[in-house]
């Protein structure tokens, strides 16, 4: 089609230009906000206890973050699509036991095969979640609350009173969290790369943008002809698979795996995601923010430990941060909306 | 009025198939036949109006064209080829773009992404080419002559701008058929002018446009041909030239005007029970002043979306209002408090029985008692006996047909459910009863019973404010009729003065329809 009327030259108000990148700036500010809190926490803690910034402690915090940050990646994909995956903690537990138990059952099994097994276990759980949410149209909160208990139940049935302990695990496996390059744990670098790939995917691929669209306005996504069911299903499958891999890492990190592994992780992960600026009702947020949220929460735990403060404070502070993050997001959204309204009110 | 350019009709070669042809489409939902015989033919380079009263089947027809509903019968031809639309994506692929009254944008995505969601331009490796996307969006906005920024978020866009984005989407799809479902409903006059300019551009470029509006002046301003629907059927298809607004209204209303229910309340009205003085809710309704006296039935007529239900909701305290005053029996009514409204003796039978009027899982008895629990409790506990007695009493008075009082209200027919809602409020012996579409979706017999009930109430001194889209009901039951249009009261008729045509004319815009 060809324009027939002579196009009027658009006249952009200056304020428009200034507000153009507002959206992107806000999300960046949101992420840097977490960084600021992080830096303040680290600085204060270090002033009191210098050993907080020891190489060994930094490594500890980073390794501690890896499992959370990985889980946050999968959870972010799910939350962006206006869903939630509460089963990740149970998936971590099941995968951790079953995969590390392979070392005892099949001595000499290659480590990558164990990771693949963990991924497969998680993927199966994720697919089950995805089918019930996408095809069964059951709210994900209910589905994954149910699978949280079901998967944990299966875990307990299989594990019973047993446990996998470090003596049955190969040293190469137990060393995974300990290897470092220039003081940074290999594993933290690997997870950072995975998160970067995830962030790039969500930004740059149609299927990634579809998730944002679905979370932003589900009926509109259907009207736009997006394959809502398939995308949501995929998000759950990926979240499950990632949780499976995270389970294997958990095993390597702790060395002793019984039927309680990963208990309660789901809420910590959701907290990290929300603190990291992902809207709990979907549509906006980034994987990077969620990973930073995970790092912040791990750092706080570690800081309290180093400072000798009771770990009971841990949860109170997490809860406080959660409220703060939600209040902040609310304010930002309101400000943003009214700013955007002003930029283009068209009663000329 | 035509945009510069060749006469659009030149582009439609004689003998070329219509851009879109829907023939004898039917669609029912359960027992309700929403569309019985929907037919419409759209030619390239032409703007075609689709008119009809509320419930005439226009929206169903639009959703069939959008691929949202699959018709039970009928055929759809696009460019002379028969197609079946299995979903919105199929409609899009067939070159049909639908712009809904409520735009369907993603607030968290940029304008450009909204336009291209699901089909963003790609570069190497199937990655989204953001720059190309923004460039193309900017080019489309330039073509439409609107200074919107492709990189901004859709959040906070005015309805008019959201519609521009939707139209841009249709353009970028190279849609040959563009369906606009009441696009002007939420626009100011200036915005309507701009939209018309855009429509003329589309028309000049050879697109076929289906334009739905309740404003006849707009139809005459922008459309060349018209289809009128009534009761799920196409009743008129014609060139607009030679037709008057009156012709269109008559075609829309259609039914014999003698169909009035037999009685009017006719009791001598008493003291003012409800008074509204210049009540305004920003952007919803403006300067509403009205009085309902005891013993009087006042009807609020008008089209869906004209603000009638919203006025009722403000009176009952569900919604806030920004200016004006509401008094009940001479005393000011507290804002935004249904509790205060109930204490002042107001009962409210809402429009949506299943969602707002009843608790579907609860029993008949519990639903009837719901608004009177204060009278039925002792020491904080509900006296089951008193509840049962009250429910049985009202069920008998209203002739509610039920199995057992403990059956869930879900098991009752629509008409009996409506009686339960009425019983719930009558049990409180209200001074003022607001009923919103009291007989929607219920059978003829029960309808008559409800009408009798309302007139009986009025005779006994209750003030009744009735919102209804059914003109025979309005004409039959009401002592006075107020007509709302676009959030304002535009006309008032006495029982004697009112006819279907005068009401429809007032509801759709006065001077236009008079020409």
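Given the criteria on the phi > 0 side of the Ramachandran plot and modelled with pLDDT under 90, does residue B:324 qualify? Here the answer is no, as residue B:324 does not meet what is asked.
Residues are listed down the side, and each one gets a yes or a no for (1) at pLDDT below 95; (2) surrounded by 22 or more Cβ atoms within 10 Å (Cβ to Cβ):
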{"residue": "B:14", "(1), (2)": "yes, no"}
{"residue": "B:19", "(1), (2)": "yes, yes"}
{"residue": "B:29", "(1), (2)": "yes, no"}
{"residue": "B:48", "(1), (2)": "no, yes"}
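In the list A:225, A:229, A:247, A:251, which residue meets the criterion of being modelled with pLDDT under 95 and either more than 17 Å from residue A:68 (Cα to Cα) or surrounded by 24 or more Cβ atoms within 10 Å (Cβ to Cβ) (or both)? None of the other options fit; the residue is A:225.
Take the conditions in contact (Cβ under 8 Å) with a residue 24 or more places away in the chain, within 18 Å of residue A:216 (Cα to Cα), within 7 Å of chain A (Cβ to nearest Cβ) and part of a loop (DSSP other than H, G, I, E, B) and apply them to residue B:103. Does it pass? So residue B:103 fails the test. With respect to the stated conditions, residue A:93 is touching a strand residue (DSSP E or B) at 6+ places or on another chain (Cβ under 9 Å) and surrounded by 16 or more Cβ atoms within 10 Å (Cβ to Cβ).
Quickly run through the stretch B:176-195 and pick out the residues that are within 12 Å of chain A (Cβ to nearest Cβ) and at pLDDT 90 or above. Hits for the stretch B:176-195 are B:176, B:178.
For the stretch B:312-323, filtering for residues that are crowded, with 16+ Cβ neighbours inside 10 Å and in contact with a helix residue (DSSP H, G or I) (Cβ under 9 Å, 6 or more places away or on another chain) leaves 6.
Please verify whether residue B:135 is over 30 Å from residue B:487 (Cα atoms), in a helix (DSSP H, G or I) and more than 13 Å from chain A (Cβ to nearest Cβ), treating the condition exactly as stated. So residue B:135 fits the description; yes. The number of residues in the stretch B:200-217 that are part of a helix (DSSP H, G or I) and buried (at least 22 other Cβ atoms within 10 Å of the Cβ) comes to 5. Set side by side, the residues A:253, A:227, A:268 differ, and just one is at negative phi and under 14 Å from the mean Cα position of the chain (by Cα), which is A:268. Residue B:124 meets each of the listed conditions (1) at pLDDT 90 or above; (2) facing another protein chain (nearest Cβ under 8 Å) apart from (2).
Kindly indicate whether residue A:332 is surrounded by fewer than 24 Cβ atoms within 10 Å (Cβ to Cβ), under 29 Å from residue A:121 (Cα atoms) and within 14 Å of chain B (Cβ to nearest Cβ). In short, no. For the residues A:64, A:85, the requirement of being touching a helix residue (DSSP H, G or I) at 6+ places or on another chain (Cβ under 8 Å) and part of a loop (DSSP other than H, G, I, E, B) singles out A:85. Here is a list of conditions, (1) part of a helix (DSSP H, G or I); (2) at the interface with chain A (Cβ under 9 Å from one of its Cβ atoms), and residue B:63 meets all of them except one; can you say which number that is? Exception for residue B:63: condition (2). Filtering the stretch A:263-307 to residues that are under 24 Å from residue B:113 (Cα atoms), assigned to a loop (DSSP other than H, G, I, E, B) and away from chain B (no Cβ under 14 Å) leaves only A:276. Under 20 Å from the mean Cα position of the chain (by Cα) and within 14 Å of another protein chain (Cβ to nearest Cβ) - does that describe any residue in the stretch B:225-240? No, the stretch B:225-240 contains no residue that is under 20 Å from the mean Cα position of the chain (by Cα) and within 14 Å of another protein chain (Cβ to nearest Cβ).
Here residue B:113 does not qualify as away from chain A (no Cβ under 14 Å) and at negative phi. Taking residue A:52 as the residue in question, decide whether it is crowded, with 22+ Cβ neighbours inside 10 Å, over 29 Å from residue A:244 (Cβ atoms) and either in contact (Cβ under 8 Å) with a residue 12 or more places away in the chain or touching a strand residue (DSSP E or B) at 6+ places or on another chain (Cβ under 9 Å) (or both). Taking the combined requirement at face value, the residue satisfies it. Is it true that residue B:170 is within 29 Å of residue A:283 (Cβ to Cβ), within 9 Å of chain A (Cβ to nearest Cβ) and touching a strand residue (DSSP E or B) at 6+ places or on another chain (Cβ under 7 Å)? No.
Scanning the stretch B:82-96 for residues that are within 11 Å of chain A (Cβ to nearest Cβ) and either touching a strand residue (DSSP E or B) at 6+ places or on another chain (Cβ under 6 Å) or closer than 15 Å to residue B:180 by Cβ (or both) yields one hit, B:91. Can you name the residue in the stretch B:246-260 that is surrounded by 15 or more Cβ atoms within 10 Å (Cβ to Cβ), over 21 Å from the mean Cα position of the chain (by Cα) and modelled with pLDDT under 85 and, of all such residues, is farthest from residue B:37 (Cα to Cα)? The residue in question is B:260. Per the listing B:355, B:366, the residue uniquely buried (at least 16 other Cβ atoms within 10 Å of the Cβ), out of contact with any helix residue (DSSP H, G or I) (no Cβ under 7 Å at 6 or more places or on another chain), in a helix (DSSP H, G or I) and not assigned by TED's automatic domain parsing to the domain that holds residue B:314 is B:366. What do you reckon, is residue B:143 over 19 Å from residue A:202 (Cα atoms) and not in a loop (DSSP other than H, G, I, E, B)? Here the answer is yes, as residue B:143 does meet what is asked.
The condition of being surrounded by 22 or more Cβ atoms within 10 Å (Cβ to Cβ) and not assigned by TED's automatic domain parsing to the domain that holds residue B:340 does not hold for residue B:474.
The values are calculated or read from the model by the stated rules, or taken from the named source; none is laboratory data. These numbers were taken from a predicted model, which means no experiment stands behind them. Heads up, the Cβs are rebuilt from the backbone with ideal geometry, glycines too, and the neighbour counts pull from every protein chain shown.
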